[in-house]
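Trainee: Before I ask anything, let me first share the structure, which is written out below as structure tokens.
The values are calculated or read from the model by the stated rules, or taken from the named source; none is laboratory data. Quantities reported herein were computed from a predicted structural model and do not represent experimental measurements. Counting neighbours? That spans all protein chains shown, and the Cβs are built from the backbone with ideal geometry, glycine included. Remember, those area values only see protein heavy atoms, side chains included, never the ligands or the DNA or RNA. Shrake-Rupley method; radii C 1.70, N 1.55, O 1.52, S 1.80 Å.
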Amino acid sequence: LEAMSRLGKTPKAETLRLEASRYGLWMRDGAATATEAMDWDVESRLMALEAAGKDAKEIRRLLVAMHENLPVALQVSFVDRHDWRRWIENKISEKISPIVKGKNPMQILESLAAISRELLMEDDMDRVLKHLMDAAMRLSGAENGFLVLRTENPDGPIPGFDVVVAQNVGKEVLESKEFAFSLSAIRQAMETGQPLVTDNALTDPRFSQAKSVQLHELKSILALPVNGRRGVLGVFYLDHRFQAGLFDTDQLKALQAFADQAALALQKAQMIDELKKANAHLTGQVEEQSDQLHRMQMELAESRIKLKYEYSEIVGRSPKMVEVLSLVDKITDSRISVWVFGESGTGKESIARALHFNSSRAKQPFVAENCSALPETLMESELFGHKKGAFTHADRDKKGILEYANRGTIFLDEIADLSLALQAKLLRFLQEGEIRPLGSNEIVKVDVRVVSASNKDLQELVEQGKFREDLYFRLNGVTITLPPLRDRMEDLPLLVEHFLKRAAAGEGKEPCRLSMDVLRQFMNYPWPGNIRELQNTLETAALFAENGMIGLKALAFKPILLGKKKAMKNIMMKTVAREAMDPELERMLLAIRDNGYHKGNAAKAMGISRRNLYTKLEKFGVPVELKDLKSFIDEKFV
């Protein structure tokens, strides 16, 4: 309208009016195709601009803007127009010359530095990719471009690679058959790790026969690999339809320097992306564990409502421990003897204390004695007492712990280590309820409930002739089997909290906390020393806590917990191997070890001949030479 008002009633103005009228009718009737409408729009705009006195720069700017806003399907026919070629193709360098053209090395360096500053500000992968594509287009002056990156996708045009960002290239183009040419260039750059470049694809025998080159009349093409530490990370594909020789030597050097920047930026973004995913996964695991712990607490609360007694000193909410406490609940008020079987450190004395302090005997003495701590003579005096002069250094009467515990409970730990002579005297006490101190003819009646414990299977010792069968039946009114800590790992967080609170209370401090890394290490460790080992570890680690937090550094005193996977695996294998070991082989190896690796004494302790022992060693493939035998046994037991 502006042009027509300026032209007045000239022939050009009349032409414009006629064209406008014809275009309006087409659009109204739907008769005009998209291409026809575009053709008229461009022609009328050019005529109006020329008539209005617009300069060539303004006309080129308008044409480029129109081209960029068109759908991809119309862009091809648009660039075939004579006015596009007249105004754009012949003077294309004014519009799209790369930012490094004609610049000195310092200016190029400044351009690359500016790109680096942009990338340093980003840690989001999508934004990093957009920045990289924008920078590649600005540096190169390319008309079209996209970036292909290595992925885990096995499908697509290039298995293991995906087009992650593009400019001026539609999805339909990437999925078309003509895209195959670009793929071949990309594959070659991937395989060689070197740029693939041509100044004019129409005359280059490597590319001139490609359909996409002929269809789009491509001239400058560049496939620029992005090389990382472990090979090619991806490839920038850049091209231009009208300008030949766009990627000359200087330009290519600058783009290769940019590709190195891109590799660093991509690796950084990938690392951050992986850390974010790992953190999200870890957060999910923590939340899941927290939910599981909460559910366990609720389940425990429900299960313990059914228990008669409160076992506050026994920390355990796992199904196995609830099962143990249910059994303890049923026999607490009876007088029946109890044998507690479990590995060292599983808390056998805690069970004995629960049996005593929840029973009607709670106000009477509870006495604990380790049967392996004293030699036979002293152990007999400890159990039954003695009269003055009964033996050397017996300078006064002494009451035995069985008498001292009258109407209460006695806990005999490691009962399997009691000598056969003392086993006979203990059996008499259990049968008759009476004792006779050493050096005395006086019989003393006592009422004591006996709770015994061992980490050895008494039934197996009976079969070996090392433990009296009649005493075993007297002690074993009820058997309570305690699971090792590795079989009740769901209780570990509760045990950690319990022991840290107890340690802090003793010092008058706030309880320490365990980092997630340490808790993870704890959960992966088999704890051969069970709860006692856990307690000792926590008490020591608390000394090295920083700001109330026990981290991995605080475990330096116990290297096995510092992620030494091989060592931890060895311990686990030994523990599992011992559980799966043939009982006869285990008894034999333990006898040899316990007798200082003296095979004759071991055979005697087992009640077999030396020759029979050698036969058994050969049967199980055990070496007989002392050095090899010792190594073999050490490998079997932690």
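Trainee: Given the conditions (1) farther than 26 Å from Asp199 by Cα; (2) β-branched (Val, Ile, Thr); (3) at pLDDT below 75, and given that Val128 satisfies all but one, which numbered condition is not satisfied?
Mentor: With respect to (1) farther than 26 Å from Asp199 by Cα; (2) β-branched (Val, Ile, Thr); (3) at pLDDT below 75, Val128 is out only on (3).
Trainee: Report, ordered by the first and then the second residue, all pairs with beta carbons closer than 9 Å, sequence separation of six or more or different chains, a first member in segment 355-368 that is under 12 Å from Ile331 (Cα atoms), and a second member that is open to solvent by less than 60 Å² (accessible area, probe 1.4 Å) and among the polar types (S, T, N, Q).
Mentor: Note: pairs meeting the criteria are Leu355/Thr332; Leu355/Thr409; His356/Thr332; His356/Thr409; Asn358/Thr332; Ser359/Thr332; Ser359/Ser334; Ser359/Thr409.
Trainee: Only residues that are assigned to a helix (DSSP H, G or I) and open to solvent by 70 Å² or more (accessible area, probe 1.4 Å): list them for segment 517-551, please.
Mentor: Step one: filter segment 517-551 for residues assigned to a helix (DSSP H, G or I), giving 517-524, 530-544.
Once the filter is applied, which keeps residues that are assigned to a helix (DSSP H, G or I) and open to solvent by 70 Å² or more (accessible area, probe 1.4 Å), segment 517-551 yields Asp517, Arg520, Met523, Asn524, Arg532, Asn536, Glu539, Leu543, Phe544.
Trainee: Next question. Determine whether Gln423 is surrounded by 14 or more Cβ atoms within 10 Å (Cβ to Cβ) and not hydrophobic (A, V, I, L, M, F, W, C).
Mentor: Yes.
Trainee: I've got another one for you. Those residues that are under 16 Å from Leu147 (Cβ atoms) and either touching a strand residue (DSSP E or B) at 6+ places or on another chain (Cβ under 8 Å) or among the small types (Gly, Ala, Ser) (or both), I need them from segment 239-274; list them, please.
Mentor: Passing the criteria: Asp239, Leu255, Gln256, Ala259, Asp260, Ala262, Ala263, Ala265, Leu266, Gln267, Ala269.
Trainee: If I filter segment 379-391 for residues that are on the phi > 0 side of the Ramachandran plot, open to solvent by 40 Å² or more (accessible area, probe 1.4 Å) and part of a loop (DSSP other than H, G, I, E, B), do I get at least one hit?
Mentor: Checked segment 379-391: at least one residue is on the phi > 0 side of the Ramachandran plot, open to solvent by 40 Å² or more (accessible area, probe 1.4 Å) and part of a loop (DSSP other than H, G, I, E, B).
Trainee: While we're looking at this one, here's another question. Looking at Asn570, Asn595, which is the one that is of a type in the set (S, T, N, Q), modelled with pLDDT of 55 or more and within 37 Å of the chain's Cα centre (by Cα)? Before you say what the answer is, go through the steps one by one.
Mentor: On the way: Asn595 fails: within 37 Å of the chain's Cα centre (by Cα).
Selected residue: Asn570, the only one of Asn570, Asn595 that is of a type in the set (S, T, N, Q), modelled with pLDDT of 55 or more and within 37 Å of the chain's Cα centre (by Cα).
Trainee: Is there any pair with a first residue in segment 235-253 that is part of a loop (DSSP other than H, G, I, E, B) and a second that is crowded, with 21+ Cβ neighbours inside 10 Å and among the acidic types (Asp, Glu) whose Cβ atoms are under 7 Å apart and which are 6 or more apart or on different chains, and what are they?
Mentor: Matching pairs, first to second residue: Arg241/Glu143.
Trainee: Applying the selection to segment 235-246, what residues are open to solvent by 10 Å² or more (accessible area, probe 1.4 Å), of a type in the set (A, V, I, L, M, F, W, C) and in contact with a Ser or Thr (Cβ under 7 Å, 6 or more places away or on another chain)?
Mentor: Answer for segment 235-246, where residues must be open to solvent by 10 Å² or more (accessible area, probe 1.4 Å), of a type in the set (A, V, I, L, M, F, W, C) and in contact with a Ser or Thr (Cβ under 7 Å, 6 or more places away or on another chain): just Ala244.
Trainee: Here's something else I'd like to know. Which condition breaks for Lys177 when tested against (1) out of contact with any helix residue (DSSP H, G or I) (no Cβ under 8 Å at 6 or more places or on another chain); (2) modelled with pLDDT under 70?
Mentor: It is condition (1) that Lys177 fails.
Trainee: Further question: Let me confirm something: among Ser344, Ser360, which residue is assigned to a loop (DSSP other than H, G, I, E, B), under 21 Å from Leu534 (Cβ atoms), out of contact with any His (no Cβ under 8 Å at 6 or more places or on another chain) and open to solvent by 10 Å² or more (accessible area, probe 1.4 Å)?
Mentor: Working: Ser360 fails: under 21 Å from Leu534 (Cβ atoms).
None of the other options fit; the residue is Ser344.
Trainee: Can you give me the number of residues within segment 397-420 that are part of a helix (DSSP H, G or I) and farther than 16 Å from Gly385 by Cα? I'd like the intermediate steps shown before the answer.
Mentor: Step one: of segment 397-420, the residues part of a helix (DSSP H, G or I) are 401-404, 415-417, 420.
From the residues that got through so far, the ones that are farther than 16 Å from Gly385 by Cα too are 415-417, 420.
Of the residues in segment 397-420, 4 are part of a helix (DSSP H, G or I) and farther than 16 Å from Gly385 by Cα.
Trainee: Condition first: at pLDDT below 85, under 29 Å from Phe522 (Cα atoms) and exposed (fewer than 15 other Cβ atoms within 10 Å of the Cβ). Can you find one or more residues in segment 622-629 that meet it?
Mentor: No, segment 622-629 contains no residue that is at pLDDT below 85, under 29 Å from Phe522 (Cα atoms) and exposed (fewer than 15 other Cβ atoms within 10 Å of the Cβ).
Trainee: Counting only residues that are among the hydrophobic types (A, V, I, L, M, F, W, C) and over 17 Å from Leu252 (Cβ atoms), how many does segment 124-153 have? I'd like the intermediate steps shown before the answer.
Mentor: Start the filter on segment 124-153 by keeping residues that are among the hydrophobic types (A, V, I, L, M, F, W, C), which leaves 125, 128-129, 132-133, 135-137, 139, 142, 146-149.
Then keep just the ones that are over 17 Å from Leu252 (Cβ atoms); that gives 125, 128-129, 132-133, 146-149.
Qualifying residue count, segment 124-153: 9.
Trainee: Can I ask one more? Can you run down the residue pairs with Cβ atoms below 9 Å, 6 or more apart or on separate chains, where the first is in segment 520-545 and without any contact (Cβ under 8 Å) to a residue 60 or more places away in the chain and the partner is part of a loop (DSSP other than H, G, I, E, B) and among the β-branched types (Val, Ile, Thr)?
Mentor: Pro526/Val638
Trainee: Taking segment 325-338 only, how many residues are open to solvent by 10 Å² or more (accessible area, probe 1.4 Å) and either in contact (Cβ under 8 Å) with a residue 60 or more places away in the chain or out of contact with any Ser or Thr (no Cβ under 9 Å at 6 or more places or on another chain) (or both)?
Mentor: 7
Trainee: Take residues that are open to solvent by 30 Å² or more (accessible area, probe 1.4 Å) and over 26 Å from Phe341 (Cβ atoms) and tell me which of the helices (runs of 4 or more DSSP H) falling wholly in segment 438-513 contain 3 or more.
Mentor: Values: elements: 458-463, 469-475, 492-507.
Output list reads 492-507.
Trainee: Scan segment 453-498 residue by residue and report those that are out of contact with any Gly (no Cβ under 9 Å at 6 or more places or on another chain) and among the aliphatic types (A, V, I, L, M).
Mentor: Leu458, Leu461, Val462, Leu471, Leu475, Val478, Met489, Leu492, Val496 - these are the residues of segment 453-498 that are out of contact with any Gly (no Cβ under 9 Å at 6 or more places or on another chain) and among the aliphatic types (A, V, I, L, M).
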